[in-house]
Number of protein chains: 2
Amino acid sequence: MKERAAVWFEGLRDRLCVAFEAIEAEAGSSARFERKTWKRPADDGGEAGGGVIGVMRGKVFEKVGVNVSTVYGRFAPEFAKSIPGAGDDPAFWAGGISVVAHMANPHVPAAHMNTRHIVTTKSWFGGGADLTPMLAPVPEDTADFHAALKAACDRFDAAYYPRFKQWCDEYFFLPHRGEARGAGGIFFDGLDSGDKERDFAFTQAVGMAFLDIYPQIIRRRMAMAFTEADRLMQLERRGRYVEFNLLYDRGTQFGLKTGGNAEAILMSLPPLARWG
Amino acid sequence: MKERAAVWFEGLRDRLCVAFEAIEAEAGSSARFERKTWKRPADDGGEAGGGVIGVMRGKVFEKVGVNVSTVYGRFAPEFAKSIPGAGDDPAFWAGGISVVAHMANPHVPAAHMNTRHIVTTKSWFGGGADLTPMLAPVPEDTADFHAALKAACDRFDAAYYPRFKQWCDEYFFLPHRGEARGAGGIFFDGLDSGDKERDFAFTQAVGMAFLDIYPQIIRRRMAMAFTEADRLMQLERRGRYVEFNLLYDRGTQFGLKTGGNAEAILMSLPPLARWG
């Protein structure tokens with residue numbers, strides 16, 4: 001399952017890159033993803049995995065990062081206690097894909113998608129996708145994004161969408177601003193239904209739903225005219241995105257504070273942000 | 001002492017604003033500080049203090065915040081345990097001034113200064129000042145900034161400067177980048193020498209040293225020609241500043257997570273920042 005999950009994440013990465021590069025081509029740009037491989041240093045000098053950072057700076061995508069990683073080893077004793085199934089045996093394996101797109105046109109919402117598979121003495125899947133409008137949210141975009149994720153959820157369990165939507169709303173919230181990060185989506189973690197094939201299939205469905213719907217939303221909005229005020233609002237909203245990721249995002253905080261690859265982790269930060 | 005400290009912080013705020021506005025005037029700008037008063041909500045509906053946010057967006061100062069605050073009340077029980085002298089009695093009073101300057105010209109370093117007085121069943125002073133070059137640090141600027149702070153320290157205790165300089169280097173460090181935030185300065189906390197008048201006088205001296213030296217450094221560099229590459233480097237360095245403040249700064253983390261005034265706390269963030 002670990003090998004199959006890793007291969008799936010890489011394949012989804014390839015499909016997303018192709019889809020995003022096709023949008024650039026439609027806009028008359030020849031922008032392409034640049035890839036950079038990194039190795040995770042092992043304490044004992046052995047193998048500990050690594051990943052590939054993919055980044056494209058284009059005409060439609062001001063900056064989009066599509067990262068995959070496969071890391072393994074042993075958690076630090078103190079940290080292991082907080083991870084399901086790692087209390088007695090700190091050995092772990094973790095693979096995943098993470099996408100964050102910051103768009104040039106303020107009418108196009110930013111988006112985030114991440115899916116992962118973690119293995120200790122237990123194993124589970126996690127992930128989600130959420131949309132962050134830069135201007136007043138367009139009901140059609142929000143509705144279609146949620147509908148795509150709901151359809152993926154409903155094929156597996158009618159309880160998934162309402163539960164994972166609420167989880168997303170709770171997770172992507174900035175308490176110090178009293179505001180949501182964006183228009184929501186779904187968020188799930190620790191998914192272990194007892195049927196691993198089914199959980200893996202659901203995780204794949206989330207990735208495919210994102211691959212299907214986000215390019216549609218981009219194409220609707222990418223050529224719309226915008227004002228300097230729209231651009232300033234976009235940069236201000238991106239400031240909030242930075243605040244969320246650095247103050248609250250568990251993956252970011254954990255990764256940076258435990259010696260993760262800073263460039264890969266911070267690929268989520270926008271190319272330009274403003275605090276007015 | 002509380003009243004005198006609060007009055008001092010406000011007076012220093014006024015002097016800094018006058019000094020910074022004079023620099024704008026020299027550059028042919030009529031930029032002035034705008035002030036905004038905020039009240040801290042009290043749990044019981046009573047008085048809990050508040051502060052004044054001062055911000056100027058000018059030609060030389062792209063954005064500079066000079067905030068004063070005087071807050072009081074009772075710490076939450078769990079938090080009180082971590083504060084000296086608040087374990088048995090959670091009543092507190094805290095007053096301070098905080099300055100962060102993000103400059104238009106990349107040749108002018110950004111700077112930060114903060115001094116504060118905290119009273120529980122104990123009482124102490126804290127603060128510091130540090131310089132953050134946006135391009136390659138200019139040895140003259142770094143040397144003069146440190147010399148001004150050292151002179152202030154040495155009038156009180158020859159051990160202060162080496163100790164507070166090291167504290168600053170350790171505090172303003174980004175472990176995930178393996179780099180210092182800037183060219184350092186001094187940082188001190190929990191200062192209670194047994195002679196409160198002397199500690200207050202030292203705290204004042206730190207503020208006066210900053211008021212003296214930072215405008216000198218600004219005037220040296222504010223009219224220098226710079227390139228688009230310099231500007232991009234400046235925006236990139238500001239991204240690191242954001243990373244430090246949101247990931248590691250104890251005051252920011254504590255303030256935001258305990259219902260502090262978000263606008264005042266985040267006044268330290270730059271007007272524009274870039275992640276390349």
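The values are calculated or read from the model by the stated rules, or taken from the named source; none is laboratory data. All figures in this text were calculated on a predicted structure; none of them were measured in a lab. Here Cβ is always computed from backbone atoms with ideal geometry, including for glycine, and neighbour counts include all displayed protein chains. Surface accessibility is based on the protein's heavy atoms, side chains included, excluding ligands, DNA and RNA. Shrake-Rupley method; radii C 1.70, N 1.55, O 1.52, S 1.80 Å.
Being surrounded by 18 or more Cβ atoms within 10 Å (Cβ to Cβ) and at positive phi is a property that does not hold for A:G190.
Among the residues of region B:38-62, those that are surrounded by 21 or more Cβ atoms within 10 Å (Cβ to Cβ) and either touching a Pro at 6+ places or on another chain (Cβ under 8 Å) or assigned to a loop (DSSP other than H, G, I, E, B) (or both) comprise B:G58, B:V60. For region B:106-133, the tally of residues that are over 13 Å from B:V66 (Cβ atoms) and open to solvent by 10 Å² or more (accessible area, probe 1.4 Å) stands at 10. Pairs meeting the criteria (first residue in region A:162-175 and within 14 Å of chain B (Cβ to nearest Cβ), second residue assigned to a helix (DSSP H, G or I) and open to solvent by 70 Å² or more (accessible area, probe 1.4 Å), beta carbons under 8 Å, at least 6 apart or on different chains) are A:P175/B:K257. Looking across region B:176-192, the residues that are touching a residue at least 24 places away in the same chain (Cβ under 8 Å) and away from chain A (no Cβ under 14 Å) come down to B:R181, B:G182, B:A183, B:G184, B:G185, B:I186, B:F187, B:F188, B:D189, B:G190, B:L191, B:D192. Among the residues here, B:L269 does not qualify as out of contact with any strand residue (DSSP E or B) (no Cβ under 9 Å at 6 or more places or on another chain), of a type outside the set (S, T, N, Q) and open to solvent by less than 10 Å² (accessible area, probe 1.4 Å). Only one of the listed residues (B:Q216, B:Q204, B:Q234) is surrounded by 16 or more Cβ atoms within 10 Å (Cβ to Cβ), away from chain A (no Cβ under 14 Å), polar (S, T, N, Q) and assigned to a helix (DSSP H, G or I). That residue is B:Q204. Looking only at residues in region A:134-145 that are over 17 Å from A:F244 (Cβ atoms) and either of a type in the set (G, A, S) or touching a helix residue (DSSP H, G or I) at 6+ places or on another chain (Cβ under 7 Å) (or both), the one that is most open to solvent (accessible area, probe 1.4 Å) is A:A136.
Selection of region B:146-183 for residues being open to solvent by less than 20 Å² (accessible area, probe 1.4 Å) and of a type in the set (K, R) yields only B:R181. Residue count for region B:63-78 under the criterion of being assigned to a strand (DSSP E or B) and open to solvent by 40 Å² or more (accessible area, probe 1.4 Å): the result is 2.
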